[in-house]
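The next block holds one structure in the form of structure tokens; read it before the comments.
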Amino acid sequence: MSSDRPIIELSDIEKRFGSLTVLHDINFDIGRGEFFSLLGASGCGKTTLLRILAGIEQPSEGKLLIDGQPMAGVPANRRPTNMVFQSYAIFPHLNVEENIGYGLRNCPIPKEEARARVAEAIALVKLDGLATRNAHQLSGGQRQRVALARALVCRPKVLLLDEPLSALDKKLREEMQLELRALQRTVGITFVFVTHDQEEALTLSDRIAIMAGGRVLQIDSPRGLYERPANRRVAEFVGTMNLLPGKVKNLGGGRARLDAGALGAFEAPAVSGVADGSAGFLALRPEKLVLAAAGGKAKPGALTGRVAEAAYLGDRIHYQVSVDALGTPLAVSVNNVDGSTDFALGAPVTVGWAEAGGVILGD
Amino acid sequence: MPKKFDMLWLYAIIFIMFLYGPVLLMPVFALNDGTFATFPLKGFTVKNFASMAANTSMILAFQTSVKIAVSVAVLSTVLAMPAALALTRYRLPGGGPIQSFMMLPLVIPSIVIGVALLVIILKIFGIQLSLWTVAAGHVLICIPFCMSVLMSRLEGFDPSLEEASSDLGCSAWQTFWRLTFPLALPGVISSLLMGFIISFDEFVIAFFLTGTENTLPVYLFSQLRFPNKLPGVLALGSLILVGSAVLVIAAEIIRKRGAPSSNPGDY
């Protein structure tokens, strides 16, 4: 098997439960050693897709290859994948060691090696000293580590993680995110990670598939998704995005011009697939916007408005600036460096941005 | 402040007396030194209990009942387990009606079942009545009890446990023995005890379906025709009462102790 072949290949996957179609037209590959996230709101089909990879569910249509092998008719217990369940599914009648060693009983390896691998896995997830602890004596974080070790000890080609951090409190979750990322680099196994937390997905992933309504909206790196969302739905899903509506004129060379009526016309880089003459948006992230007191020399292309709302976050200040001819106020986030970015409520301001800071995208 | 007499307490006491009073009279008369079960009591004796050891036909009936009850308990539990698994694990088409249908023997009078089985066994299959036919009849009435005990246990645990087991490489059969069975064990024990007690105490079906050998309840009934045997019957009845109570309480304790907690994956 050539090593540059994707570890997972999905083509035309569709999944129906009765008359309800929960996955449409899923087509993508996941590369070897990738940390790949499926991100979407609950009910978008991400967990179903993960369960199809695990073999717990079967696709109604389409083809799934793992490491080049077709997976049709291959049950979960014969797949080179292991899963960390959302509830962790720690076996309550077994202790930590027995839980972790559970899958190894099904591997054709000698007992001594199995014991060594369990010990190694316990060390890997930092559960030293808890080997004989019972399942019900473990905290949430420890259960999560047991589930992780139990799945990794079988050395799967792909590790599937179903919202493994959602049951942990915020501090522990952030800690586990870092550990998970480090762990993935150590073991070098492909991780497929399901989450509804976009921050988590951005922090951890090499690539993210954004899902909604059973479809994949965009697959890209965290930077790509954030900086160049494919369309309005992705832009609104990932982070906060200001959208100025207008009509697109394609300028060629990856650039476009948006005619936004009373607001003016703006030139900016365009995402691919924005059709000439169609309705589109100029998308601006709050932190790319620059506020200045009105009356000074306004930069060309700047908008004028009034501060409608201000939220002091310590390191940053978030403003809502209402602009005439724009229905929703603009969200602006500025660094709290010195007093120059302090504006009172109702103060007239100009909102500017560097030309490369915006991006033109379709609906 | 004088406490007002609580009518509910009175009700509760009468209720308990009504439930257990008649039954508790049995050991009282069994220990009474007289042939007739009447007041006033004549004196304390244990001779009714002591003489049981010499009563070979009774001991034979006891052995028969234990043999049948053990086989019925095992067989009904083994048969009820797949049904309980199917009804709790899969969304079967028509699962609801199937379940109600399987619970039906609970509400059919056992005399109806007894007569029906008698007709089928003798007239249709032409099989001779024996302890085998008694055991078969008992399995029929025990299965619904075993099923409900097993189902209440199986319903309690996280379905992702079995998915995890399969994900870790276990076939369905391995998952059953390594995961489902150990977790369901309290339910299994409770189901075995339940089956044993029901079969051991059952009279009507045993009476209809037995051949030449008697089970203990049938033997007891046959002894009632002889007034002088009454004290012995009372003594035996008292022992069965105590034994059954101990087994039922044990079954409940095992089932309750093994009850799954609200913490998923925990017990």
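The values are calculated or read from the model by the stated rules, or taken from the named source; none is laboratory data. Worth saying up front: this structure is predicted, and the values here are computed from it rather than measured. Glycine also receives a Cβ, built like all others from the backbone with ideal geometry; neighbour counts cover every protein chain displayed.
Just a few scattered comments:
- A:S42 fulfils the conditions (1) more than 13 Å from chain B (Cβ to nearest Cβ); (2) touching a residue at least 60 places away in the same chain (Cβ under 8 Å); (3) closer than 18 Å to A:R155 by Cβ except for a single criterion, (3).
Conditions (1) under 14 Å from the mean Cα position of the chain (by Cα); (2) modelled with pLDDT under 85, marked per residue:
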| residue | (1), (2) |
| --- | --- |
| B:G195 | yes, no |
| B:D201 | yes, no |
| B:N228 | no, yes |
| B:L234 | no, yes |
| B:G237 | no, yes |
| B:L247 | yes, yes |
| B:I253 | no, yes |
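- The strands (runs of 3 or more DSSP E) falling completely within the range A:249-358 that include 2 or more residues that are touching a residue at least 12 places away in the same chain (Cβ under 8 Å) and within 23 Å of A:P229 (Cα to Cα) map to A:255-259, A:265-269, A:279-284, A:289-293, A:316-322, A:330-335, A:348-353.
- Scanning the range A:154-170 for residues that are under 14 Å from A:E199 (Cβ atoms) and either of a type in the set (K, R) or without any contact (Cβ under 8 Å) to a residue 24 or more places away in the chain (or both) yields a single hit, A:K170.
- Hey, B:L87 part of a helix (DSSP H, G or I), farther than 30 Å from B:L131 by Cα and either among the polar types (S, T, N, Q) or free of Cβ contacts under 8 Å to residues at least 60 places away in the same chain (or both) or not: no
- Selection of helices (runs of 4 or more DSSP H) fully inside the range B:90-200 by the criterion of at least 2 residues being closer than 30 Å to A:C154 by Cβ and either touching a residue at least 24 places away in the same chain (Cβ under 8 Å) or within 14 Å of chain A (Cβ to nearest Cβ) (or both) returns B:131-154, B:159-167, B:172-175.
- A:T203 vs. criteria surrounded by fewer than 15 Cβ atoms within 10 Å (Cβ to Cβ) and away from every other protein chain (no Cβ under 14 Å): no
- The lone exception for A:R78 - which of (1) more than 13 Å from every other protein chain (Cβ to nearest Cβ); (2) without any contact (Cβ under 8 Å) to a residue 24 or more places away in the chain it fails: (1)
- Given (1) of a type outside the set (D, E, K, R); (2) within 29 Å of A:F237 (Cβ to Cβ); (3) within 14 Å of chain B (Cβ to nearest Cβ), index of the condition A:F91 fails: (2)
- Taking (1) of a type outside the set (G, A, S); (2) in contact with a strand residue (DSSP E or B) (Cβ under 9 Å, 6 or more places away or on another chain); (3) part of a helix (DSSP H, G or I) in turn, A:F193 satisfies each apart from (3).
- Residues (within 27 Å of A:G40 (Cα to Cα), outside any helix (DSSP H, G or I) and among the hydrophobic types (A, V, I, L, M, F, W, C)) located in the range A:119-167: A:V158, A:L159, A:L160, A:L161, A:L165, A:A167
- When A:A135 is tested against the conditions (1) touching a helix residue (DSSP H, G or I) at 6+ places or on another chain (Cβ under 7 Å); (2) more than 10 Å from chain B (Cβ to nearest Cβ); (3) at pLDDT below 90, the lone failure is (2).
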